[in-house]
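Every number in this text was worked out from the coordinates using simple rules, so none of it is lab data. Here the structure is a predicted model, which is why all the values come from computation and not from measurement. With ideal geometry, Cβ positions are generated from the backbone for all residues, glycine too; neighbour counts draw on all protein chains shown.
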Amino acid sequence: MMARVTEDQAEPAALPPRPPYALRGRLLTPIAAGGTHHEPDGVVVVDDAGLIAHVGGWAAWDAAGRPGRASGAVHDVRPWLILPGLVDLHAHLPQIPNSGLGSGLHLLDWLERYIFPLERSFDAATASVVAPAAFAAMARAGTTTAVLYGAAWPDSLEAAFAVAERHGIRAVIGKVMMDRFTYRDLPPERRLDTELRESAELCERWHGRDGGRLMYAFSPRFAVSCTAELLRESADLARSTGAYWQTHLSEDRNELAEVARLFPDARDYLDVYDRAGALGPRTILAHAIHLSDREIARLAETGSRIAHCPESNLFLASGAMRLARYRAAGLIVGLGSDVAAGPSLSIFSVMRAGAYTHDLIRVTSEPGGAGGMPSFGPLDWLRLGTLDGARALGIDDRIGSLEPGKEADLIVIDHALTAPLPGLEVSSPEQLVSRLVFRSHPAMVRGAWVRGRLLPADPPEGGPVGP
Ligand SMILES: [Zn+2]
């Protein structure tokens with residue numbers, strides 16, 4: 001994690017831990033107005049509040065008298081790449097220890113065999129051991145914003161939020177809510193009130209903490225685990241508090257059949273959530289694979305957000321989400337790792353799975369090849385994993401790209417590690433990102449910052465972590 005400090009040797013020769021500073025390196029970012037900004041020798045200036053004061057080419061900035069520099073040192077990370085931090089729209093904190101286990105099972109069996117026992121044992125003590133390791137692993141993967149489900153136990157959520165507050169990651173977290181198909185040992189008549197009360201208390205304590213860096217999401221697991229009352233009342237709570245509402249939608253065929261059995265009056269899966277008044281721009285729905293045209297149109301009409309989790313969908317053989325179809329319908333879609341149904345915390349790995357999935361749909365859905373369907377290039381995937389994730393959360397005015405006035409959520413990457421042979425480097429933006437996506441290296445992310453503050457990325461001491 002060493003970088004040169006070329007001038008003002010006030011800082012030690014390391015990545016800057018806190019603002020203000022300027023980072024000099026190869027710079028690449030999507031731009032909110034469209035397109036990509038690439039500077040082979042660029043600079044990002046972070047002011048003392050952790051906001052981006054300037055982004056541009058090094059030579060022009062230097063010649064202009066280094067505007068916005070304040071008193072910070074210049075840290076030279078060349079030839080590394082500077083990118084916006086990645087946004088993981090969907091992951092499960094308690095499940096991380098079982099990542100990569102249980103392939104070949106369908107969703108409902110996998111939940112009972114691999115996940116419910118793990119979540120059941122995720123108490124506060126376990127959370128306070130797993131969460132620091134998890135947030136460090138996310139920083140090493142380049143994730144600066146994570147949208148997470150916790151377990152059912154409120155004190156484990158307290159612990160997770162407290163760790164996130166100390167660590168510095170930007171996080172949306174929610175207690176998983178279940179008042180049927182649950183691992184909680186509560187009499188049925190007490191489940192609904194308990195779930196609502198515990199979630200409301202957590203939301204009140206944590207939503208908006210640290211100037212909005214920490215946020216709350218009411219998180220019913222999915223329709224199979226929830227009564228109509230829990231869905232409706234949790235959506236009411238999200239609306240009245242301004243928090244998010246997140247759940248799973250249409251992931252697996254067996255799940256769809258179970259939802260149809262449990263909610264016989266609903267016209268389709270989405271209608272279960274629609275009847276609860278739960279759709280809208282603060283709602284994040286994961287997977288959304290097996291949808292009818294009606295459901296897609298209704299999602300677009302309500303402005304609901306989609307967390308596309310292609311690596312998870314391949315791992316559990318759930319299906320292939322039609323990304324091009326959804327984008328053509330106007331849906332706002334970001335990327336989710338869905339750990340531990342997704343085996344990796346890396347959003348670059350999710351991009352790779354998404355690209356393969358999309359290309360397979362293209363070549364198999366149209367006779368004679370992929371004529372009419374758009375292709376998504378590496379820069380499209382980078383945008384999906386950064387700025388589009390921020391849009392899905394409604395915070396793209398604050399994060400998601402390297403543009404002046406935004407909060408400095410950024411990462412640096414040693415892209416030389418992605419070369420197939422030493423020294424075989426590329427330089428165009430498309431080729432650089434293509435290597436990050438298709439030849440990701442686990443050590444390529446060398447630093448991650450939120451609001452200009454370096455996130456701890458080293459595994460905590462003390463050996464293996466797990467419940
Ligand atoms: Zn999930």
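Judged by the ratio a/c of the largest to the smallest principal axis of the C-alpha gyration tensor, the range 92-364 counts as rounded, that ratio being less than 1.5.
Between the beta carbons of residue 166 and residue 365, assuming R0 = 35 Å, the FRET efficiency works out to 0.15 to the nearest 0.05. Modelled spin labels at residue 101 and residue 397, positioned 7 Å past Cα toward Cβ, are 4.5 nm from each other. Principal-axis analysis of the Cα atoms of the chain puts helix 124-141 at an angle of about 50° to the longest axis. With the simple model of a label 7 Å out from the Cα in the direction of the Cβ, residue 441 to residue 317 spans 3.6 nm.
Dipole orientation for the chain: of the candidates 412, 161, 291, 412 has the Cα lying most toward the positive pole (charges on Cβ; Lys, Arg +1; Asp, Glu -1). Axis angle, to the nearest 10 degrees, between helix 429-438 and the longest C-alpha principal axis of the chain: 50 degrees. With 0.36 nm allotted per residue and the present C-alpha distance subtracted, the residue 121-residue 328 stretch has 70.3 nm of extension available. When both the range 422-453 and the range 350-417 are represented by their alpha-carbon centers, they are found 14 Å apart.
When peptides 87-100, 447-460 are sorted by average Cβ neighbour count within 10 Å, with the highest value leading, the order is 87-100, 447-460.
Taking other Cβ atoms within 10 Å as a rough exposure proxy, 82, 115, 31, 169 sort from fewest to most as 31, 115, 82, 169. Backbone phi angles across the range 212-222, fed through the Karplus curve with coefficients 6.51, -1.76 and 1.60 (θ = phi - 60°), yield HN-Hα couplings of x, 5, 9, 9, 10, 10, 5, 9, x, 4, 5 Hz in residue order; Gly and Pro are listed as x. Mind giving me the FRET efficiency for residue 201 and residue 302? R0 is 30 Å, r the Cβ-Cβ distance, nearest 0.05 is fine. Once the sixth-power term is evaluated, E becomes 0.60.
Shape of the chain from the C-alpha gyration tensor: prolate (a/c of 1.5 or more and a/b above b/c, with a ≥ b ≥ c the square roots of its eigenvalues). By DSSP, what percent of the beta bridges with both residues in the chain are antiparallel, rounded to the nearest 5? Taking every DSSP beta bridge with both residues in the chain, the antiparallel ones total about 45 percent. Legend: calculated FRET efficiency, residue 232 to residue 375, from the Cβ-Cβ distance at R0 = 60 Å, rounded to 0.05, equals 0.90.
Report the net charge of residues surrounding residue 261, where surrounding means a beta-carbon distance below 15 angstrom and charges are Lys +1, Arg +1, Asp -1, Glu -1. Once all neighbours under 15 Å are counted, the net charge is -3. Taking each DSSP H run with n ≥ 4 as -39500 (n - 2.57) and averaging over every residue of the chain yields -10500 deg cm²/dmol at 222 nm.
Summing +1 for each Lys or Arg and -1 for each Asp or Glu among the other residues whose beta-carbon sits under 13 angstrom from that of residue 274 gives 0. Descending by average beta-carbon neighbour count within 10 Å, the peptides 345-352, 321-328, 55-62 line up as 345-352, 321-328, 55-62, the highest first. For the pair residue 458 and residue 424, label points projected 7 Å from Cα toward Cβ lie 3.5 nm apart.
Placing unit charges on the Cβ atoms only, positive for Lys and Arg and negative for Asp and Glu, gives the chain a dipole magnitude near 500 debye about its Cα centre.
Taking 0.36 nm per residue of separation and subtracting the current Cα-Cα distance, fully stretching the chain between residue 36 and residue 240 would add 69.7 nm. Length gained on full extension, residue 109 to residue 60: 11.8 nm, using 0.36 nm per residue less the C-alpha separation. Sequentially through the range 314-327, phi angles give Karplus couplings (6.51, -1.76, 1.60; θ = phi - 60°) of 6, 4, 9, 6, 7, x, 10, 5, 8, 4, 4, 4, 5, 5 Hz, Gly and Pro residues having no value and appearing as x. Per residue, the average separation of C-alpha pairs within less than 8 Å and at least 6 apart gives the chain a relative contact order of 21 percent. Rounded to the nearest 10 degrees, the angle from helix 228-241 to the longest Cα principal axis of the chain is 40 degrees. The listed peptides 404-416, 229-241, ordered by packing as a protection proxy, come out as 404-416, 229-241 (highest mean of other Cβ atoms within 10 Å first). Under the classification rounded if a/c is under 1.5, otherwise prolate if a/b is larger than b/c and oblate if not, where does the range 336-446 fall, given a ≥ b ≥ c as square roots of the Cα gyration tensor eigenvalues? It comes out oblate by the Cα gyration axes.
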